[in-house]
Every structure is written in structure tokens, then in C-alpha cells.
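Report on one structure; see the data block that follows.
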Amino acid sequence: MMDRITVVVDTREQEPYSFDSDKVSAVRKALPAGDYSLVGLEERVAVERKSLTDFVSTVIRGRKRFHRELEKLSAYESACVVVECNFRDLVECVGSNLYP
């Protein structure tokens with residue numbers, strides 16, 4: 001049986017993801033970048049989580065802030081931005097000028 005992994009959830013994350021407690025334990029801690037990481041890898045692994053509404057708002061209204069977030073993430077060994085939606089919803093929300 002595998003040990004449970006420990007995910008670090010940034011203290012600024014307002015609605016944290018609900019992990020399967022049999023497989024994952026979660027601790028709250030201020031992270032230098034992203035909303036989630038792994039214990040011991042906070043300076044190397046980051047996941048930035050966005051709802052569709054938050055992503056669109058960030059890209060349209062908060063572009064400079066989002067660019068700074070991406071700059072921080074680019075320094076990590078493993079980092080990603082997860083947008084919680086399907087591609088069709090993203091295209092419909094942003095408009096027909098979005099190209100994959």
C-alpha cells in the first residue's frame with residue numbers, strides 16, 4: 001500500500017480542492033507561487049488553479065498580474081495552470097477569437 005502524499009494548499013486559496021482523504025493529506029501554508037504544491041517541493045512544484053470565470057477575468061482584466069504569476073511559475077521545475085472547464089466552455093466564454 002502506498003503512503004499518502006501531502007499536498008500544500010496556499011493560505012490564500014479561498015475554495016480549496018477536496019482531495020480523497022484516504023490518499024492525500026493537505027496542509028495550509030503560504031506558497032511563493034501557485035495554489036498547490038507538495039511538501040518538501042514548494043520551491044520546485046506548483047499548480048495554479050483557476051475556475052473558468054477567474055481565468056477569463058484574469059486574462060482580460062488582470063493580465064499584468066497573471067503575467068507575473070506565469071513568470072514565477074516559469075522558474076519552477078514542474079508547474080502548470082489548471083483551468084477547471086472544458087474547451088468548448090472556454091471558447092464560448094472568451095469568444096470566437098480564441099485559437100488553440
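The values are calculated or read from the model by the stated rules, or taken from the named source; none is laboratory data. Model, not experiment: these values are computed from the prediction. All Cβ positions, glycine included, derive from the backbone under ideal geometry; neighbour counts span all protein chains shown.
Identification of strands (runs of 3 or more DSSP E) wholly contained in the range 19-90 with 3 or more residues that are out of contact with any Leu (no Cβ under 7 Å at 6 or more places or on another chain), surrounded by 12 or more Cβ atoms within 10 Å (Cβ to Cβ) and without any contact (Cβ under 8 Å) to a residue 40 or more places away in the chain yields 24-29, 45-51, 78-84. Of all residues in the range 40-76, those that are small (G, A, S) and under 11 Å from the mean Cα position of the chain (by Cα) total 2.
Return the residues of the range 18-28 that are at pLDDT 95 or above and of a type outside the set (K, R); say none if nothing qualifies. Scanning the range 18-28 gives V24, S25, A26, V27. Inspect the range 8-15 for any residue being in contact (Cβ under 8 Å) with a residue 12 or more places away in the chain, surrounded by 13 or more Cβ atoms within 10 Å (Cβ to Cβ) and among the hydroxyl-bearing types (S, T, Y) and give the result as yes or no. The answer is no, given that none of the residues of the range 8-15 is in contact (Cβ under 8 Å) with a residue 12 or more places away in the chain, surrounded by 13 or more Cβ atoms within 10 Å (Cβ to Cβ) and among the hydroxyl-bearing types (S, T, Y).
Among the residues here, A30 does not qualify as in contact with a Gly (Cβ under 7 Å, 6 or more places away or on another chain) and of a type outside the set (S, T, Y).
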